[in-house]
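What follows is a short report on a single structure.
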Amino acid sequence: MAGRMNANHYLPFELPLKAIDDRIAKLEDLSKQNNMDLSVDIARQLHERTKLVKESFSKLSAWDRIQLARHIHRPQTADYIELICDEFLELHGDRAFGDDRAMQTGFARMGEFRFMLIGQQKGRDVHERSVCNFGSPQPEGYRKALQKMRLAEKLKLPLLCLIDTKGAAPDIGAEERGQSQAIAQNLMVMSGLRIPILCIIIGEGGSGGALGIGVGDKLLIQEYAYFSVIAPEGCSSIIWKDADHKAEAAEALKITAPELLKLGVVDGIVPEPMGGAHRDREGTARILKSRILEEFAALNATPIQELLDQRYRRLRAIGKYREVALETVAADA
């Protein structure tokens, strides 16, 4: 049944749903084993479950939303490629070092609409996560993405970037191969690419790892994703010298979709089905696909120079400051 999860994958705030799901499962088993019509009882339990989900998700804390963004069953780039693309031809390697599996790139098609897709992939099981470095791209991943961006510009294809990473790989090898320079190069080139660029945060948007494919004409975020310069645990460790204050840090950082939209960091929120994307992959994919096509239609209709001017103004407008005369500062001191 859609929306039901394995008991091992209930988030802490979802635990009240477990009792209802257990009752529903028992009623369904009893109905099958004894050939009994228990549809009325099952429908009653489903109604109660829907009410509980609505109530739970109407009062989510920032930390609850962070956990949803990290859910093991949350759709990833590879899932969306399968669900929303009619064709996908993957392109590998950076022509210098290797093929980073944390960064998937390739030609994609939705109906008659063709574009270049670049997305970060975390993996599901232990083996896949290890191969994908748990979604933390290496420098070769960003160089691979950059090469495909330039190819898209050459072919005049729009660019779609799906962001989902805790952050870029921080290990010694990554630093030795120029991690910071690779990300900086992407920021510089993306700001001036003469093609429409749509960026969507589909899970975690962590630090420079997210920014490395996050410069575009529109930056959208899914309803239960987040975007931050640092993870709540890292912030807690720095401010409180203890990672146990992660929930407080999540609230203070203002990194959830509603807060980011209010601050003007993102341009829009992509809704998710009731209960989050992990409960309904197909429904989530349909909503995302519709929004992608809508945004690309608008971007493609805009002259490229106007797009570039708007992109520049959008990036320069992020963040607010207040100018104060030096005399005022001195008087306040």
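Laid out as a table, the results:
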read-out: The stretch 231-293: radius of gyration and largest Cα-Cα distance (Dmax), Å; value: 15.4, 45
read-out: D_trans [Stokes-Einstein, Kirkwood Rh over alpha-carbon pairs] for the chain, 25 °C, 0.890 mPa s, µm² s⁻¹; value: 114
read-out: Whole-percent carbon and sulfur share, accessible surface of the chain, 1.4 Å; value: 54
read-out: The stretch 94-239: C-alpha pair distances exceeding 18 Å, %; value: 55
read-out: Principal axis dimensions, the stretch 132-215 - Cα atoms, whole angstrom, descending; value: 36, 26, 19
read-out: Pairs of alpha carbons in the stretch 1-159 whose separation is greater than 20 Å (percent); value: 64
read-out: Heavy-atom accessible area per residue - the chain, 1.4 Å, Å²; value: 50
read-out: Rg/Rh ratio calculated on Cα atoms of the stretch 165-322 (Kirkwood radius); value: 0.99
read-out: Ranked by how many other beta carbons lie within 10 Å on average, peptides 138-149, 86-97, 180-191 from highest; value: 138-149, 180-191, 86-97
read-out: Tilt relative to the chain, helix 179-192 - C-alpha long axis, 0 to 90 degrees, to 10; value: 80
read-out: Rg and Dmax of the stretch 1-81, Cα atoms only, in Å; value: 15.0, 45
read-out: Percent breakdown of C-alpha pair distances by 10 Å bin, ordered from the shortest bin, for the stretch 211-255; value: 26, 42, 25, 6
read-out: Euclidean distance between Cα centres, the stretch 81-119 to the stretch 10-56, Å; value: 40
read-out: GNM result for the chain, Cα springs below 10 Å: residue of 100, 242, 267 fluctuating most strongly; value: 242
read-out: Residue 59 versus residue 312: modelled label distance in nm, points set 7 Å from Cα along the beta carbon direction; value: 5.0
read-out: Calculated [θ] (222 nm, deg cm²/dmol) that DSSP helices of n ≥ 4 give over the chain, each run adding -39,500 (n - 2.57); value: -15000 deg cm²/dmol
read-out: Most fluctuating residue given options 51, 289, 18, as computed from a GNM of the chain linking Cα atoms under 10 Å; value: 51
read-out: Surface/4 of the Cα convex hull for the stretch 112-165, nm²; value: 4.3
read-out: Non-local Lys pairs in the stretch 210-303, i.e. 8 or more apart or on different chains, that have alpha carbons under 23 Å apart; value: 7
read-out: Gaussian network model of the chain, Cα within-10 Å springs - most flexible of 291, 194, 313; value: 313
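The values are calculated or read from the model by the stated rules, or taken from the named source; none is laboratory data. Just so it is clear, the model here is predicted, and its values are computed rather than measured. Every residue, glycine among them, receives a Cβ derived from its backbone with ideal geometry; neighbour counts consider all protein chains shown. For the accessible areas, the whole protein counts, side chains as well, though only heavy atoms, and no ligand, DNA or RNA atoms are used. Shrake-Rupley method; radii C 1.70, N 1.55, O 1.52, S 1.80 Å.
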